Amino acid sequence: MKSILVTGAAGLLGRFVVAELLQHGYAVRGFDRRAGSSAIDWCVGDVTDPVAVGQAMQGMDGLLHIAAVPNIWSGDAQTIMRVNTLGTYTVFDAAEAAGIGHAVFCSSDSVAGYTVREGRMLAPRYAPLDLEHPLLATDPYAVSKVLGEDLARSFALRGMSVVALRTVFVAYPEMAGEIVARAKDPAAYRGPAVGGPSSAGGGPLHHHIDARDLARAFRLALELKLAGGDFERFYLSAQVTLAPEPTLERLRRLHGAAVQVRDPGVYERQPFAPLYDLTHAAERLGFLAEFDQRHLLAGLPGF
Ligand SMILES: NC(=O)c1ccc[n+]([C@@H]2O[C@H](COP(=O)([O-])OP(=O)(O)OC[C@H]3O[C@@H](n4cnc5c(N)ncnc54)[C@H](O)[C@@H]3O)[C@@H](O)[C@H]2O)c1
């Protein structure tokens, strides 16, 4: 049985990832600022504390680094940068020192730069947006994920294998009310309006992914056969957005002809397909999302 350290295990995503790993026979240790409710071994500490992180790594075979300030609304820029970059360095440094050969880093689609309206968000250059697309992050959270990926990659260059998962907004069960509130009145929505843990996200196209799918993606990334030195990245999303308009229509309304459509067939087959290219994750990671949350919006105007 393999022992896996999951940072951020007490968080909204962490509990789904822990459950997925336990179901598949892994021994799991959680590292977080507080112990979560999962019945696993817990190490409580801060990801920027090298001593606490170093102790948590002992005896582990693999690492899923999920702990972070999870969006620009959850911390000021200084805190985001400290936790998401220094914390990532500290975690990977300790993993390397403990002899862990394979790690998964929880990144975000925000690295592409198309997630939050605050700041200087730039239109994507083309759709579907793939790994060749430039990273156009402008807000502190998105930049922290770009830097986090770079830090993780530096440890791959030193001999680890690393996978970075660029997930879109996660539609946790707790977010259902926020998703519906936004869909009812997108112009007026200033979440969290109905008690959700944060605002309904996913950028202008209202991307989302179900937490069960994302947890499976983490397990697949953990199990991906890689050699030391390999560094791989994947965009992850449900197969449809939560937007009221088809994707190309919405992109044209927001950006005119600025977004080049490279593969119209994707949007002919599924008009609500996400901005992000899903074929790389399907082919290389064996991941295609099974769930989506559009059913929450049935009956609302445009859905
Ligand atoms: N929620 C989304 O829509 C979304 C989208 C893309 C990426 N992500 C990423 O997913 C991951 C999980 O986020 P989440 O949605 O579960 O949010 P969350 O806030 O529920 O979970 C983050 C966890 O990290 C822990 N943490 C934060 N700072 C820490 C520190 N200094 N030391 C130790 N632990 C610390 C928190 O206690 C929490 O349990 C994050 O890396 C986030 O950036 C989230």
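Counting only DSSP H runs of at least 4 residues, each contributing -39500 (n - 2.57), and dividing by the residue count of the chain, the helix-based mean residue ellipticity at 222 nm comes to -9000 deg cm²/dmol.
Ratio of Rg to Rh for region 64-147: 1.02 [Cα atoms; Kirkwood radius as inverse mean 1/r over pairs]. With the convex hull constructed from alpha-carbon coordinates only, region 103-192 shows a mean projected area of 7.3 nm² over all directions. Model label sites at VAL194 and LEU226, defined 7 Å from Cα along the beta-carbon direction, differ in position by 3.9 nm.
Note on ARG33 and ARG125: the model spin-label points, each 7 Å out from Cα along the C-beta direction, lie 3.7 nm apart.
Between GLU232 and VAL162, VAL163, ALA164, the built amide H atoms are under 5 Å apart, and every one of these is 5 or more places off in sequence or on another chain.
Straight-line cross-link partners of LYS2 among the lysines, defined as a Cα under 27 Å from its Cα and at least 8 positions apart when in the same chain: LYS225.
In the chain, the DSSP beta bridges split such that about 0 percent are antiparallel, to the nearest 5.
Just the Cα atoms of region 189-286, one point each, no solvent: what log10 I(q)/I(0) does Debye give at q = 0.10, 0.20, 0.25 Å⁻¹? Rounded to two decimals, the profile gives -0.36, -1.08, -1.31.
Rounded to 0.05, the FRET efficiency of the HIS295 and LEU135 pair, given R0 = 35 Å and the Cβ-Cβ distance, is 0.60. For the pair region 40-87 / region 177-232, the C-alpha centres are spaced 20 Å from each other. As a size descriptor, the averaged projected area of the C-alpha convex hull of the chain was calculated at 14.6 nm².
Diffusion coefficient (Stokes-Einstein, Kirkwood radius over C-alpha pairs, 4 °C, 1.567 mPa s) for region 39-198: 76 µm²/s, rounded to a whole number.
Rule-based calculations on the coordinates, nothing more; no lab input. Since this is a predicted model, take the numbers as computed values, not measurements. Every residue, glycine among them, receives a Cβ derived from its backbone with ideal geometry; neighbour counts consider all protein chains shown.
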